[in-house]
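Undergrad: Could you have a look at this structure, given as structure tokens, before my questions?
The values are calculated or read from the model by the stated rules, or taken from the named source; none is laboratory data. Only a predicted model underlies this, so the values are computations on that prediction, with no experimental measurement involved. Methodologically, a virtual Cβ is constructed for each residue, glycine included, from the backbone with ideal geometry; neighbour enumeration extends over all protein chains shown.
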Amino acid sequence: MCATCGCDANASSSIKHIGEHDHGHDHSQHHDHPHSHGKTIIEVEKDVLHENNLLAQRNRGYFDAKNILALNLVSSPGSGKTSLLERTLTDMKGEFPFYVIEGDQQTTRDADRIHATGTKVAQINTGKGCHLDAHMILHAVQGMKPVENAILFIENVGNLVCPAMFDLGEKERVVIISVTEGDDKPIKYPDMFHTSTLCIINKIDLLPYVPFSLDKVKSYARQVNPALEFIEVSCTSGEGLSGWYQWLKEKVPVTETV
Amino acid sequence: MHELSIVMSILDIAEKELAKSNAAHIEEIELEIGELSGIDMQAFDFAWQQAVKSTKLETADKIVTHIPGEGLCMDCETVFPMHELYKPCPVCGHHFITLLKGKELRVKSLVIN
């Protein structure tokens, strides 16, 4: 059994610290059950996501204690999460210590892209899994040993449905949508927009070529979450990225830390 | 298909509760699943059939209580049935709504012997 969290075999997912050794996990747990007779009702009254939520709060406490801004980036596949991170890590290099956890079903392709920017990165491969959970983050962070006053980006598996249910211990959830998607996505996949605090609208350099309305997407998103903030960017042209960088700086109370 | 992870978490909770007791079998498990919890019941039932094989829940009766969504309008304080997250308050048409019910995803009870 894992001494830290008591986890049993999580055989379908694996964590790779890019540029370091692999972190493998293979434990097993067995229970013996004594037999007796007679019916008993146990009032369990337990949230199904209780274990995940406990680990998420544990992660959150760790991040708070070290003043680490942990952000959970969620979106459909292909909306530009990794490109946004590449630009951000390159443009803001030296301003904060940055760390990235990449979540994908297979391959270290995204982590390799992040590694190329000189940022410490861990790749979580979920295997068949469609989302990251707090337990995976716990182990990824253990391997990274982030310093204080850092920014940790957690790039979730590209999926607008499942990751909405799983708290990772992040400070804020950032949902990314690109203008090549439908502007009605916020009401087609409301859970993700309901649980996010910031919506980044990416690829705005393509607006002249696609039938995407900024007004419509914002209005739909506000139906689900009236408090949602928006930042419009293009990772290709760089337009709007300063607004995103400003948002990040305002979220980390301490600056000049490197 | 996060429903499979949800079923695995339920299985984990049930087996831990059973291990704490002196019983050997789970006869019945009662769940509460809210309308806005993000669970697709068809996917959930499919995942259940596969996941409980050769476990303590394989022969247990599964009783699911569905909890309808309910919202509270923060503008006019109307309480109303909420079936979608994006629908406005039916009285004043505003979107500042707090969810009162519908997000539940709980193991309520087990019957063991």
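Undergrad: Examine segment A:215-224 for a residue that is in a loop (DSSP other than H, G, I, E, B) and not small (Gly, Ala, Ser), and state whether such a residue exists. First the steps, then the outcome.
TA: Taking segment A:215-224 as the starting set, the residues that turn out to be in a loop (DSSP other than H, G, I, E, B) are none.
Within segment A:215-224 (the criterion being in a loop (DSSP other than H, G, I, E, B) and not small (Gly, Ala, Ser)), the answer is no, since none of the residues qualifies.
Residues checked against (1) surrounded by fewer than 17 Cβ atoms within 10 Å (Cβ to Cβ); (2) at the interface with chain A (Cβ under 9 Å from one of its Cβ atoms); (3) touching a strand residue (DSSP E or B) at 6+ places or on another chain (Cβ under 7 Å); (4) at pLDDT 95 or above:
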| site | (1), (2), (3), (4) |
| --- | --- |
| B:4 | no, yes, no, no |
| B:38 | no, yes, no, no |
| B:64 | yes, no, yes, yes |
| B:68 | yes, no, yes, yes |
| B:102 | no, no, yes, yes |
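Undergrad: With respect to the numbered conditions (1) closer than 23 Å to residue A:192 by Cβ; (2) under 14 Å from the mean Cα position of the chain (by Cα), which one is the sole condition not fulfilled by residue A:127?
TA: Against the list (1) closer than 23 Å to residue A:192 by Cβ; (2) under 14 Å from the mean Cα position of the chain (by Cα), residue A:127 comes up short only on (2).
Undergrad: Tell me which of these residue B:107 doesn't satisfy, since it passes every other one: (1) under 18 Å from the mean Cα position of the chain (by Cα); (2) touching a residue at least 12 places away in the same chain (Cβ under 8 Å); (3) more than 8 Å from every other protein chain (Cβ to nearest Cβ).
TA: Of the numbered conditions (1) under 18 Å from the mean Cα position of the chain (by Cα); (2) touching a residue at least 12 places away in the same chain (Cβ under 8 Å); (3) more than 8 Å from every other protein chain (Cβ to nearest Cβ), the odd one out for residue B:107 is (3).
Undergrad: Can you name the residue in segment A:190-212 that is assigned to a helix (DSSP H, G or I) and among the charged types (D, E, K, R) and is also farthest from residue A:224 (Cα to Cα) among such residues? Walk me through how you get there before you give the answer.
TA: Initially, segment A:190-212 is screened for residues assigned to a helix (DSSP H, G or I), giving A:190-195, A:204-209.
So of that shortlist, the ones also among the charged types (D, E, K, R) come out as A:191, A:205.
On the way: A:191: 8, A:205: 26 Å.
Here the answer is A:205.
Undergrad: Next question. Across segment A:133-157, what is the total count of residues that are more than 24 Å from residue A:227 (Cβ to Cβ), in contact with a strand residue (DSSP E or B) (Cβ under 9 Å, 6 or more places away or on another chain) and within 14 Å of another protein chain (Cβ to nearest Cβ)?
TA: Residues meeting the conditions: 2.
Undergrad: May I ask you to list the residues in segment B:6-36 that are assigned to a helix (DSSP H, G or I), facing another protein chain (nearest Cβ under 7 Å) and surrounded by 19 or more Cβ atoms within 10 Å (Cβ to Cβ)?
TA: B:6, B:9, B:10, B:13, B:17, B:18
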